[in-house]
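I have placed the structure first, in the form of structure tokens, so that the comments after it can refer back to it.
Just so it is clear, none of the values below were taken in a lab; they were calculated from the coordinates. Everything quoted here is computed from the prediction, not taken from an experiment. Because the Cβ atoms are built from the backbone with ideal geometry, glycine has one as well, and the counts that use them run over all protein chains shown.
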Amino acid sequence: MALPPLVPAQTAPAVPGARMWGGRFSSGPAPEMDRLNRSLPVDRRLWRQDVAGSRAWAAALGAAGVIDLTEAADLRAGLDAVEKKLEGWTDADWAAAADEDIHTLVERLLGETAGPVAGKLHTGRSRNDQVATDFRLWALDAAKLLDAELRDLQAALVEQAHKHGDTVMPAYTHMQRAQPVSAAHWLMSHAWPLARDRERLADAVDRVSVLPLGSGAIAGCPFPVDRVLLKESLGFRAVSRNSVDAVADRDWVAELLFVMSMAGVHLSRLAEDLILFASSEFGFVRLSDQFSTGSSLMPQKRNPDAMELARGKAGRLIGELTGMLALLKGLPSGYNKDLQEDKSSLFAAFDALSDVLPAVAGTVRTMEFDAARCAGAVDSAMLATDVADFLVRRGVPFREAHGAVGKLVRAAEGLGCPLSALPRELFVQVSGEFADADLDAMFDAKASVQARAAAGGTSSASVQAQLAELTATL
Ligand code: ARG
């Protein structure tokens, strides 16, 4: 039986631009298909990683004898030249490139500088293991930047805490005045969640740092490349163990999105506190001009926009995480094109968080506390627990002490006076222990703060210990 006559591949490409495939097609993709399929506008961010990964792959092919050493050297020199060229590219250059994705673009430019040897680079490699490698390399760098930004925000909180060990303010539960704490203790309450974020990030990085290259499209590489050397040269911690899993594993993307979302939630909670505290009603802090904005209509306005954007971006981050999980849940084994969407998610989350973090750090660093307003908001009813604790120290069971002080609170409410202004007779009526009590000392908010000296409490000693412990991680 006669074979059908050979036709030239892609005689009439519908859209211009380089592709790594096409031999089995009689035409190029339709413009609509190309528009949907092309990822260069997003994955151009991976160009450095793509060049680095290709350099390592060329060396691995050379070392394995798959290509000869001159060819390996020519590929290396060509990739160096591509790197130089791309370093000089402007947005207009990128917009003019019609290539399908970053891998196609780098290989095309390599062909233009190194000649036909460029056609040997993709031996034993697929874009499936290539893109997974590039993206992980990018994420390792991104994680370092995020860690530095989280650390800087912690440093800003610590700087303020050093200044406000003696500033007393109300702490709230249910958004109701609860007990006095030092402003330093409140500041540190926002530094510790960031310490956990940094721990989570470092832990996730262990699983990002796994090399997929050498997995091919799905079944592995038929050439004897040394994947351990490859991992060393690219700076990965480990080599992926199963090629089917390696080309489709995006657990690490979801994990990083969770770490970023959690950090976003922490920033949002800090922002919410500061939005309240900077309001005229609270007036505990004044945000600097540098990190406030005005209103186009109301001349008096001073808006905490950075904080509101921090709160808003947390919603976007959570959206990226849930979107990624939804994308992954129905995928059959191996690479599927759905996975191309992973880049825009992680890039968007990274951009959002790394825009927000420096602005939040700047806001914290430059804000000023109004110590008088903070202290003024501590009313004597907030020391009711301390009054009960006085009775406990005299041997009264806590439950009984709680009831006795509750009666005093009710009496003060009835008389419309502060708890501390009740006459001593009323104190003595609810408990004889009050007969010789130093009532003034009992209603001293600073003393209440210092009394909480168990580890993790608001006393100066405990806050100093927190500061020392956290500073050691900066
Ligand atoms: N642009 C693709 C992505 O980001 C690269 C991998 C393409 N693989 C494929 N078999 N078409 O996922």
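Miscellaneous remarks
- Amide H contacts of residue 67 (H built 1.01 Å from N, in plane; Pro and chain starts excluded): 62 sit under 5 Å, all sequence-distant by 5 or more or on other chains.
- Under the span-like rule (Cα at least 30 Å along the axis, Kyte-Doolittle mean at least 1.0), DSSP H helices of the chain: 251-277
- Charge dipole magnitude, Cβ of K and R +1, D and E -1 - the range 122-183, Cα centre, debye nearest 20: 160
- The range 166-245 versus the range 408-474: alpha-carbon centroid distance in Å: 40
- Gain in span if fully extended, residue 35 to residue 70, counting 0.36 nm per residue against the direct Cα distance: 8.7 nm
- Sorted fewest first by neighbouring Cβ atoms within 10 angstrom, 284, 369, 223, 443 come out as 223, 369, 443, 284.
- Interchain or long-range residues, amide H under 5 Å from residue 171's placed H: 178, 179, 181
- Exposed-site-free run, longest, the chain (rule: trypsin sites (Lys or Arg not before Pro); DSSP loop; at most 16 other C-beta within 10 Å): 25-236
- Lys, Arg +1 and Asp, Glu -1 on Cβ, resulting dipole of the chain about Cα centre, debye, nearest 20: 560
- For the chain, the residue among 158, 187, 318 whose Cα projects farthest onto the positive side of the dipole built from Cβ charges is 318.
- Note on the range 32-59 and the range 74-96: Cα centroid distance 12 Å, given to the nearest whole angstrom.
- Residues whose amide H lies under 5 Å from that of residue 293, counting only those 5 or more places away or on a different chain, are 303, 305; hydrogens are built 1.01 Å from N in the peptide plane.
- Positive-end extreme of charge dipole, the chain - chosen from 445, 86, 214 (charges on Cβ): 214
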